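What follows is a short report on a single structure.
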Amino acid sequence: MISLKELMTRRDAFTGLTMGNYALARAMAEAGLKVATSYPGSPTPEIGAALLGAPEEERPYYFEFSTNEKVALEKAAGASLNGHLSACFFKSVGLNVAADSLIQLSMMELIGGMVVILGDDPGANSSQNEQDNRHFARMSYIPMLEPATPREARGMFLEAAAVSRRLRMPVFLRLTTHVCHARERVDFGPLPDGAAGWEPGFDPKNGPYVPVAATVFPLKEKALRKQDEFGRLMDVSAMNRLFPAASGPARLGIVSAGLPALCAVEAVAAAGAPADVLKLACTWPLPSEKLADFLASHEEVFVLEDLDRVLETEIKALAFDRGLKCRVHSRKERSDLMGEMTPPRAAAMLASAWPEHFKAPPPRPAAEEPAARLPQLCPGCGHRSAFHAVKRALPPGAITVADIGCHSMGFMPPYEMGTVLLSMGHSVSTGAGLALGNSSRKVVSFLGDSTFFHAAMPGIVNAVVQDSDITLVLLENGTTAMTGHQPRAGTGEIGDKIPLPRLLEAMGVKFLRDVEAYKQAELAAALKEAMDHKGFAVVIARHPCMLKFMREAKARNPGLKPSRVAVDQAKCARHYTCVAEFACPSFVKHDAGSVTVHPELCIGDGSCVQTCPAAAIVREKGGEGK
Amino acid sequence: MAFNVYICGVGGQGIGVLAAALSTAAEAAGHEVRGCDTHGLAQRHGSVSSHLRLGGDALTPRVPEGQADIVLALERLEGLRGALYALKPGGTLLYYDTVYQPVTVRTGLRAYPSAEKVEAQVAELGGKTARVSVEGISDPRMQNAALLGRLAALGLAPGFTRETLRSALADTLGGRALEANLAVFDKAAG
């Protein structure tokens, strides 16, 4: 396996088995990219991991994880305005945060070129929805390329960067989860000789760069013109691929793009069906001449895509406009608009139009469903300790609001803490709305520290100004834990440390308590005091991410044997608080009713010791660490 | 037809090592390799899976439902779950026999399956079951090496021989606790 350092710094061409995200990072280096920015979010953070894989002094590019996606996009845009090729990348919903500036980009003369990389998530594998960002391409007049494999991710990034720079316009590269994380052998090219300099080339004469009433129309005209020009290039692009039917000239055709197109190719091959597959590289603007030719040369065409009816609507309109007789089929069921395409699903959808050629695969034999295993907070997680304390301190009827982060998992049993969730940083303001006119039910909002900096600060200022009667529990673990411990603003890992208590005080927060999350009695007392306070109150529940802490401890000392806790069987009164309420994964309940500690999972943090009513959880002698 | 391997376990067990070693071994055996890992939230003690497809006609990276020739699992319940989702008739489930209770089991809502129950449910699918465990493993991540060793011994997949898997494991670990892992590999291979 190739190291990330070698991937990013090796000067000559080579080949390697690698995932889409890593292939994309190498492509950035091959393209001579100068600036990359991001906010971590699945499925894209490994692009950042690869960019950070080269030692800082050997990087010909600048890379940062920014405070949020809008900041990331603006920073990449600024670099491009200076003449530097730039890219920003984030997950699907990150584009909502960046949208306010994104929507202006096509009116800007981006002299360095700029690629906006999206990690969309059909199937909602790690997102709060499966929003279809292809709509944004239409709305923002930004062309969109859609790779289906790591190889294509590399190739299409290089093409997107080159055309973007030449036409001085932004280009979208839309990947989906299983393109980002797919693994295959990729042929890489050499790194360019001599990195481009940092000469700041911004010149207002390249603009105008200020869209106001009088300048909007010429700028929009230019954006539309560039979009058309991009479309003409895509009409003749070799990146569009035709997979002809094995049986020879076919009257049936399938139009698709990205991973769904490869699902179609597999379904056609498995069925031995007489159908050609046209795989589009660019889904906005559509290559209309190529599509019209394909429609004209087939009697029936099926438009196969994930999520919304985006390609379908455009292709049906094209067939109508051109007066083509080709019958255009599309997905029939509402369930077809949800989830991610697979070859068997493609076969089932195609069978709805062409039952003589395709068969829906038989359902799996009915079987007893095995016990579910949902993700959990890790052993030693400060959030668990905080949830356990908060849950006991809440009065009946209290409403708890979740935010995004590992702590979102608190909504599940047994904690059931944080039972409504919209988006990053929403919890303070949604909580403030729930508190309006409400004097009978306490409102407690949770928030993580990376999300605090990402999008929660305006909501906190609003809560201070309006003195909203809610309690904010700020779960501070010092990192962006859920996406893999990227540094977050203010930790001191990047730039100066920003201490949260001082920042909150400066923002005008009058009631503030700062408690170690393992000290459950102290945390419960602070929470009760905060809820009694009339108006906005903040309780910081602080504990470092223990997954990160233990990884770093083991990296420093590979032989580290963590200490453990044990259940004193003589004392255990079988309350089951540890397994059923505190619910650390380290506790094992045996059929005979006894409880023991799983030696492979316990890290000896001891946050559970205080939770046992019978005081039966004891620290084992020996071991190292905490 | 592609040869499909569905790998599964509990987030944190390190199935990435298993997937990486198998990919390397498959390439060494001359197969074209495509695959896909789980990243993100599910890694936190949830069910995780990794996919490996061998052969040029596999264009997509995930093993389609019911099309796995082998299901390789690092834990018993996940082995059952993986087999029910992915195993094809005639395929084999090979799992490392360790138990990580999910919350639903610890809170008494659901039962944890016995080894006999797993074997019976897999037999109903028309599949075979093999399990491995090695006494005295010092680090649970070495269970990966045990699974690879037994896979080599069973000769379940084209090209997954003792030699290719052993050297792929060495390549993947890059020196980290290599001797101990190879000892576990050899012990499991028998």
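Read-outs: derived from the displayed coordinates by stated rules, not from any lab. Quick caveat, the model's predicted, so the values are computed rather than measured. Because the Cβ atoms are built from the backbone with ideal geometry, glycine has one as well, and the counts that use them run over all protein chains shown.
By counting other Cβ atoms within 10 Å of each Cβ, how are B:Leu154, A:Leu259, A:Leu105, A:Leu118 ranked from fewest to most?
Exposure proxy ranking, most exposed first: B:Leu154, A:Leu105, A:Leu118, A:Leu259.
Using the basic label-point model (7 angstrom from Cα toward the beta carbon), what is the A:Val609 to B:Met1 distance in nanometres?
A separation of 5.8 nm, rounded to one decimal place.
Which three semi-axes in whole Å describe the equivalent ellipsoid of region A:382-549, each the square root of 5 times a Cα gyration tensor eigenvalue, listed largest first?
22, 18, 15
So what's region A:561-619 giving for Rg/Rh, alpha carbon basis, Kirkwood Rh from the mean inverse pair distance?
0.91
Could you list the trypsin sites (Lys or Arg not before Pro) in region A:374-462 that lie in coil according to DSSP, counting only those with at most 16 other Cβ atoms within 10 Å of their Cβ?
A:Arg441
When the chain is fully extended, how far beyond the present Cα-Cα distance does A:Ala367 get from A:Arg327, taking 0.36 nm per residue of separation?
Using 0.36 nm per residue and subtracting the Cα-Cα distance, I get 10.3 nm.
Across the residues of A:358-371, average count of Cβ atoms on other protein chains within 10 Å?
Whole-number average of other-chain Cβ neighbours for A:358-371 is 5.
Compute the length gained on full extension between A:Glu299 and A:Arg619: take 0.36 nm times their separation in residues and subtract their Cα-Cα distance, giving the result in nm to one decimal.
107.8 nm
Shape verdict for the protein assembly as shown, please, from the Cα gyration tensor: rounded (a/c under 1.5), prolate (a/b greater than b/c) or oblate.
Judged from the Cα gyration tensor, the protein assembly as shown comes out oblate (a/c at least 1.5, b/c at or above a/b).
Using only the Cα atoms of region A:28-122, build the gyration tensor, take square roots of its eigenvalues as a ≥ b ≥ c, and label the shape rounded, prolate or oblate: rounded if a/c is under 1.5, else prolate if a/b is larger than b/c, else oblate.
It comes out oblate by the Cα gyration axes.
At a Förster radius of 22 Å, what calculated FRET efficiency corresponds to the Cβ-Cβ distance of A:Glu199 and A:Glu229, to the nearest 0.05?
It comes to 0.20.
How big, on average over all directions, is the shadow cast by the Cα convex hull of chain B, in nm²?
10.3 nm²
What do the square roots of 5 times the Cα gyration tensor eigenvalues come to for region A:4-235, in whole Å, largest first, as semi-axes of the equivalent ellipsoid?
26, 21, 16
So if I place +1 on the C-beta of Lys and Arg and -1 on the C-beta of Asp and Glu, and nothing else carries charge, what would the dipole magnitude of region B:49-109 be about its Cα centre? I want it in debye, nearest 20.
140 debye
At 222 nm, what helix-only mean residue ellipticity would chain A give, in deg cm²/dmol to the nearest 500, using -39500 (n - 2.57) for each DSSP H run of four or more?
-10000 deg cm²/dmol
Hey, got a sec? Which chymotrypsin sites (Phe, Trp or Tyr not before Pro) in region A:265-362 land in a DSSP loop and have at most 13 other Cβ atoms within 10 Å?
none
Between 0 and 90 degrees, rounded to the nearest ten: what's the tilt of helix A:258-271 against the longest Cα principal axis of chain A?
Long axis of A:258-271 versus the principal axis of chain A: about 70 degrees.
What does the charge dipole of the protein assembly as shown about its Cα centre add up to, to the nearest 20 debye, if the Cβ of each Lys and Arg holds +1 and the Cβ of each Asp and Glu holds -1?
Taking the Cα centre of the protein assembly as shown as origin, the dipole is about 960 debye.
Antiparallel versus total DSSP beta bridges in region A:4-235: what percent is that, nearest 5?
Taking every DSSP beta bridge within region A:4-235, about 20 percent pair in antiparallel fashion.
How shielded is B:107-116 by partner chains, expressed as the average number of their Cβ atoms within 10 Å of its Cβ atoms?
Average neighbour count from other chains, rounded to a whole number: 3.
Please work out the FRET efficiency for the pair B:Leu178 and A:Lys561, using the Cβ-Cβ distance as r and a Förster radius of 22 Å; give the result to the nearest 0.05.
After rounding, the FRET efficiency stands at 0.65.
Considering every pair of different Cα atoms, what Kirkwood radius, in Å, is found for region B:1-96?
Hydrodynamic radius (Kirkwood, Cα pairs) of region B:1-96 is 13.0 Å.
For region A:368-440, rounded, prolate or oblate, judged on the Cα gyration tensor with a ≥ b ≥ c (square roots of eigenvalues), a/c < 1.5 rounded, else prolate if a/b > b/c?
Taking the square roots of the gyration eigenvalues as a ≥ b ≥ c, region A:368-440 is prolate.
Using the count of nearby Cβ atoms within 10 Å as a rough guide to exposure, how do A:Thr471, A:Thr9 rank from fewest to most?
A:Thr9, A:Thr471
What's the exposure ranking of A:Ile404, B:Ile137, going from fewest to most Cβ atoms within 10 Å?
So the residues, fewest neighbours to most, are B:Ile137, A:Ile404.
Pairing the Cα long axis of helix A:310-321 with the longest principal axis of chain A, what angle in degrees results, from 0 to 90 and rounded to the nearest 10?
Its long axis makes an angle of about 20 degrees.
Starting from the Kirkwood radius over alpha-carbon pairs of region B:55-97, derive D by Stokes-Einstein at 20 °C in a medium of 1.002 mPa s and give it in µm² s⁻¹.
Diffusion coefficient, whole number: 201 µm²/s.
Rank B:Val132, B:Gly108, B:Gly190 by how far each Cα sits towards the positive end of the charge dipole of chain B (+1 on Lys, Arg Cβ; -1 on Asp, Glu Cβ) and give me just the farthest.
Farthest towards the positive pole: B:Gly108.
Once the cut-off is 23 Å, how many percent of the Cα-Cα pairs in region A:241-353 end up in the long-distance tail?
Counting every Cα pair in region A:241-353, those more than 23 Å apart make up 19 percent.
Grab the beta carbon distance between A:Lys510 and A:Asn438, set R0 = 25 Å, and tell me the FRET efficiency rounded to 0.05.
0.75
Which one, B:Leu169, B:Leu109, B:Leu80, has the greatest fluctuation when you compute a Gaussian network model over chain B with C-alpha springs under 10 angstrom?
B:Leu109
Please figure out what share of the DSSP beta bridges in the protein assembly as shown is antiparallel and state it in percent, rounded to the nearest 5.
Of the beta bridges lying entirely in the protein assembly as shown, close to 30 percent run antiparallel.
Where both partners of a DSSP beta bridge lie in region A:382-549, what percent of those bridges are antiparallel, to the nearest 5?
Among the beta bridges of region A:382-549, antiparallel pairing accounts for roughly 10 percent.
Taking chain A as the reference, fit the longest principal axis to its C-alpha atoms, fit the long axis of helix A:457-466 to the helix C-alpha atoms, and give the angle between the two in degrees, 0 to 90, nearest 10.
60 degrees
Expressed as a rounded percentage, what relative contact order does chain B have, with Cα pairs under 8 Å and six or more residues apart?
In percent, rounded to a whole number, it is 23.
Whole angstrom only: what separates the Cα centroid of region A:314-358 from the Cα centroid of region A:498-523?
55 Å
For labels at A:Ser352 and B:Asp97 in the simple 7 Å Cα→Cβ model, what's the distance in nm?
Roughly 4.6 nm, to one decimal.
In debye, nearest 20: dipole of region A:200-308 around its Cα centre with unit charges on the Cβ of K, R (+) and D, E (-)?
440 debye
Projecting each Cα onto the charge dipole of region A:4-235 (Lys/Arg +1, Asp/Glu -1 at the beta carbon, about the Cα centre), which of A:Phe188, A:Ser86, A:Ala214 comes out farthest on the positive side?
Farthest along the dipole direction, towards plus: A:Ala214.
Which whole number in µm²/s is D for region A:83-127 by Stokes-Einstein, with the Kirkwood Rh taken over Cα pairs at 25 °C and 0.890 mPa s?
208 µm²/s
Which residue, chosen from A:Pro395, A:Leu324, A:His383, occupies the Cα position most advanced towards the positive end of the dipole of region A:290-399, where the dipole is computed from +1 (Lys, Arg) and -1 (Asp, Glu) charges on Cβ about the Cα centre?
A:Pro395
Quickly work out the B:Ser133-to-B:Ala111 label distance, labels modelled 7 Å from Cα along the C-beta direction, and quote it in nm with one decimal.
So the label points at B:Ala111 and B:Ser133 sit 1.9 nm apart.
When only Cα pairs under 8 Å and 6 or more residues apart are kept, what is the percent relative contact order across region A:4-235?
Reported relative contact order: 27 percent.
Could you let me know the centre-to-centre spacing of region B:111-137 and region B:38-86, using Cα atoms, in angstrom?
If we compute the Cα centre of each part, the gap is 16 Å.
Where the centroid of each part is defined by its Cα atoms, how far is region A:555-626 from region A:275-310 in Å?
So the separation of the two Cα centres works out to 58 Å.
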